[in-house]
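Below is one structure, written out as structure tokens; comments come after it.
Since every read-out is calculated from the coordinates, none of them should be taken as a lab result. Fair warning: this is a prediction, and the values are worked out from it, not measured in the lab. Cβ coordinates were reconstructed from backbone atoms using ideal geometry, including for glycine residues, and neighbour counts include every protein chain displayed.
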Amino acid sequence: MFFSSNTHPYNNTNNFKAIIFKHTMPEIFVGFIIAYLLMAIAFSFAYLTILSNDNLTYMKILEFSTFTSFLFDTDFKEGTSDLFIWLHLIHNIIALVLSTIFTAAIVLKFFYLPQFFVFKKKCNFVPSCEENGEKNILTVSFYNSIDLFVTDCKVRIYGRVESIDENNTKSLININNNQPIFEKTYPFMEQHLATRLRVEFNKDDFLYEWLVNRKVENKKLAMIIILEANAARLDRTIYEVHDYSLNAMDIEESVDFHGHSSIDLNYDNYSLSGGWKEFED
């Protein structure tokens with residue numbers, strides 16, 4: 001997913017998602033039970049103010065209100081006035097909304113995982129001084145957009161190139177003998193803290209023909225980035241895949257041939273760091 005430069009740093013977590021992801025399922029369950037009971041108590045007092053039956057105890061009203069809050073069917077013959085019927089209808093509607101939110105929380109917790117990592121639209125590459133034996137470096141920039149503390153983030157980059165096989169048919173070849181061209185594990189990855197992947201290569205590497213010689217014709221090189229990570233209280237492993245397509249005919253669509261901009265960190269709030277407006281440059 002790409003975002004325009006004026007949206008960085010992007011926050012992919014709203015308040016409801018943050019609450020759900022940061023709490024375990026038992027905590028969420030207990031929280032909603034408390035919410036149901038508080039609603040039952042509040043409406044029991046409301047029912048009490050409009051009911052005047054001398055034989056009607058508060059505990060019986062509270063029992064009826066509790067059953068209604070949990071959307072259980074219950075008979076209450078004492079409530080026959082129009083005001084009571086309207087109040088009971090409102091109670092049922094609020095209980096239905098709360099039940100819908102509870103169901104959504106369960107689905108969100110177990111079946112939905114948002115996109116954690118936001119990547120820069122293009123990579124950055126500045127040719128090195130080869131006479132000094134320096135390696136060329138292709139830089140890939142990204143950051144965590146979720147308000148969760150990510151740990152043990154393993155990043156692997158593979159290369160896949162279009163080719164012609166021995167039967168003169170089109171095929172795909174994974175470069176570097178199916179091994180990653182970049183592999184590193186980052187112990188911590190806070191929200192809105194930019195990370196730079198420095199992919200080093202020299203004259204003998206595949207990327208050299210694309211980025212330095214730039215003599216490859218009518219071919220495309222796919223850089224496939226695989227990220228695996230963990231986050232506190234998240235029930236599943238984070239697994240995301242991102243790719244850059246390096247088209248030999250229009251390499252500038254995927255690569256900026258200049259250095260990346262710097263981020264001047266604000267240690268109190270990474271989202272307020274200087275340089276976000278130039279993140280895509």
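Could you work out the helix-only [θ] at 222 nm for the chain, with each DSSP H run of four or more residues adding -39,500 (n - 2.57) and the total divided by the number of residues, to the nearest 500 deg cm²/dmol?
Values: 4 runs with 76 residues, N = 281.
Helix-only estimate at 222 nm: -9000 deg cm²/dmol.
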Pairwise centroid distance, computed over Cα atoms, of region 12-90 with region 200-223, Å: 66
Roughly speaking, what % of Cα-Cα pairs in region 15-111 are separated by over 21 Å, rounded to a whole number? 39
Loop-resident sites, region 191-271, for trypsin sites (Lys or Arg not before Pro), counting at most 15 other Cβ within 10 Å (DSSP): LYS203, ARG214, LYS215, LYS219, ARG233, ARG236
Here FRET efficiency (C-beta to C-beta, ASP281 to ALA18, R₀ 35 Å, nearest 0.05) is 0.70
Can you tell me, using C-alpha contacts under 8 Å and at least 6 residues apart, the relative contact order of region 116-278 as a whole percent? 26
How do THR13, THR74 line up, fewest other C-beta atoms within 10 Å first? THR74, THR13
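What longest range of the chain stays clear of loop-exposed GluC sites (Glu not before Pro) (DSSP non-H/G/I/E/B, at most 16 other C-beta within 10 angstrom)?
1-77
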Residues of type lysines that LYS60 reaches as a straight line, Cα spacing below 19 Å, ignoring anything fewer than 8 places off in the same chain: LYS77
Globularity ratio of the chain, using Cα Rg and 2.2 N^0.38 Å: 1.54
Treating cross-link reach as a plain straight distance, find the lysines whose alpha-carbon is under 16 Å from the alpha-carbon of LYS215, omitting any fewer than eight places away in the same chain. LYS203
Once phi for every residue in region 39-44 is put through the Karplus expression 6.51 cos²θ - 1.76 cosθ + 1.60 (θ = phi - 60°), the whole-Hz ³J(HN,Hα) values, with Gly and Pro written as x, are 5, 4, 5, 4, 6, 5
Where only C-alpha atoms are counted, convex hull volume of region 75-223 per residue in Å³: 237
Using Cα positions and a limit of under 20 Å, work out the aspartates and glutamates in reach of LYS135, with same-chain residues fewer than 8 apart set aside. GLU183, GLU200, ASP204, ASP205, GLU209, ASP256
